[in-house]
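Down below is the structure, laid out as structure tokens.
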Amino acid sequence: MLNFFRRIRKRLAEDNQFKRYFRYAFGEVALIMIGIFMALQLQNWNEQRKEENEFNVILEQLYNAIIYDVDKFNNQLEYMTFQISLLDQILNHPDSIPMQYLPYNLYNAAFDNFKSYQSDAHFYANDLRSDYDNTSRNELIKQITGYLNLIRTAEANPFEINRDILTDFLLSEHLAYPELNREDLNEGWNTGDSLYYSRGRLIKLQNDLRTEKYQATLKTYRSQKIAYRRGAQAKFNHGTSVLNLIKAYNPDVRVIYENVGIIGTSLDGYDDVGGKSTPMLRTDAEEGIWETELYLKEGSVKFRCNDSWLRNWGLDFGRDIYLSGPAVPDGNNIVIEEEGNYHIVLNLSEFTYEFTKLD
């Protein structure tokens with residue numbers, strides 16, 4: 001095209017037609033400028049597309065981290081509700097609890113395995129970048145930042161319990177901390193040792209529960225648990241809202257888990273005896289479905305990722321139907337009551353599991 005213009009300009013110059021010469025010269029310059037402008041626009045478009053793709057990759061990682069957060073907070077809510085109910089029973093109807101189980105119930109009410117939880121969302125959120133021209137993205141980042149500020153630290157959150165006053169109190173009263181089940185650490189306390197708490201200590205504890213000192217401590221701790229539950233509810237609600245916003249911004253965002261396996265005494269045992277996760281097969285990447293067929297002994301199992309407890313799922317608290325149901329993060333062990341061959345399905349988009357006995 002430019003050669004065509006040059007030939008015309010040369011002929012016009014030779015014929016002394018300078019008006020037409022300058023007109024064609026201007027057209028040639030305009031064509032060059034248009035070409036440069038289009039090249040710059042294409043380059044900008046490519047850069048924006050590349051930057052948007054990078055943003056969506058980070059957003060997907062953040063989405064997966066917040067999904068786990070929300071599951072954790074829901075787990076907290078259910079466990080706090082159970083603990084408050086337990087405290088109510090101890091305060092109002094202590095005689096309804098068998099004397100030998102009183103220490104375990106008290107320490108169950110005091111137990112808190114959520115304090116040390118640190119969300120991965122902070123790590124991924126550091127790479128999010130605003131875009132002056134993209135108001136939807138900027139609003140999304142604003143909401144994500146608000147969520148992260150809410151969950152940042154226990155010290156910054158007025159709803160959190162900063163000190164476990166009930167455990168401290170029970171230890172100051174010389175009530176020994178229960179022993180964990182050494183055969184299966186996931187089962188919790190070892191309640192089978194009838195000599196761990198003497199009968200005299202149990203009778204004293206039963207009488208102490210009616211004293212003003214015990215009642216005041218239990219009531220104070222109950223009030224803290226209620227505040228703690230409100231905090232977990234706020235984090236759950238905000239996290240769920242952010243997940244919906246991310247999904248609206250990028251409908252193709254996926255839930256991603258890798259190297260999912262199953263572990264437990266129904267196989268080769270847990271970590272305390274050197275047990276390792278038995279790998280499962282991902283049969284549907286889009287839906288996050290993992291399956292396997294295994295021979296299981298009587299015992300218990302849990303699901304986890306990368307042979308680590310950082311990401312794990314088990315039985316819903318208080319549930320006594322074991323072979324199917326919600327897959328709860330850090331949940332209880334799934335009890336296998338009958339040995340045999342099982343087809344096992346774990347759905348990590350809906351967070352459910354199912355064991356189907358084959359023989």
Q. With the Cα gyration tensor of the range 163-242 giving a ≥ b ≥ c as the square roots of its eigenvalues, does the rule (a/c under 1.5 for rounded; else a/b larger than b/c for prolate; else oblate) give rounded, prolate or oblate?
A. oblate
(Q) Between T352 and N306, what is the label-point separation in nm under the 7 Å Cα-to-beta-carbon projection? (A) 2.9
Q) Can you work out ³J(HN,Hα) from phi for every residue in the range 267-283, in order, using Karplus 6.51 cos²θ - 1.76 cosθ + 1.60 and θ = phi - 60°, giving whole Hz and x for Gly and Pro? A) 10, 10, x, 8, 4, 5, 10, x, x, 10, 5, 8, x, 10, 9, 7, 9
Q. Taking θ as phi - 60°, what are the ³J(HN,Hα) couplings along the range 95-110 by the Karplus curve (6.51, -1.76, 1.60), each to the nearest whole Hz, with x for Gly and Pro?
A. 6, 7, 9, x, 3, 5, 9, 4, x, 5, 5, 5, 6, 5, 5, 8
Q) Based on the mean of other beta carbon atoms within 10 Å per residue, what is the order of 83-93, 201-211, most packed first? A) 83-93, 201-211
Q: Provide the per-residue ³J(HN,Hα) series for the range 209-224, in order, calculated from phi with Karplus coefficients 6.51, -1.76, 1.60 and θ = phi - 60°, each as a whole number of Hz, with x at glycine and proline positions.
A: 4, 8, 6, 4, 4, 5, 4, 5, 5, 5, 5, 4, 5, 4, 4, 5
Q | Those aspartates and glutamates that a straight Cα-Cα span of less than 12 Å connects to K50, excepting residues fewer than 8 apart in one chain | A | none
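From the cross-link list K72/K219; K72/K276; K72/K357; K276/K302, which pairs have alpha carbons spaced over 18 Å apart?
Listed pairs above 18 Å: K72/K219; K72/K276; K72/K357.
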Q. Label points 7 Å out from Cα along the Cβ direction at R152 and K50: separation in nm?
A. 3.4
Q) Which FRET efficiency value, to the nearest 0.05, is calculated for D193 and L91 with the Förster distance at 41 angstrom and r the Cβ-Cβ distance? A) 0.95
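Counting pairwise Cα distances across the range 199-341, what percent come out greater than 27 angstrom?
Tail fraction, whole percent: 47.
Throughout, read-outs are computed from the coordinates displayed, never taken from laboratory work. Note that the structure is predicted; figures quoted are calculated from it, not measured. Here the Cβ is made from the backbone with ideal geometry for all residues, glycine too, and neighbour counts use every protein chain on show.
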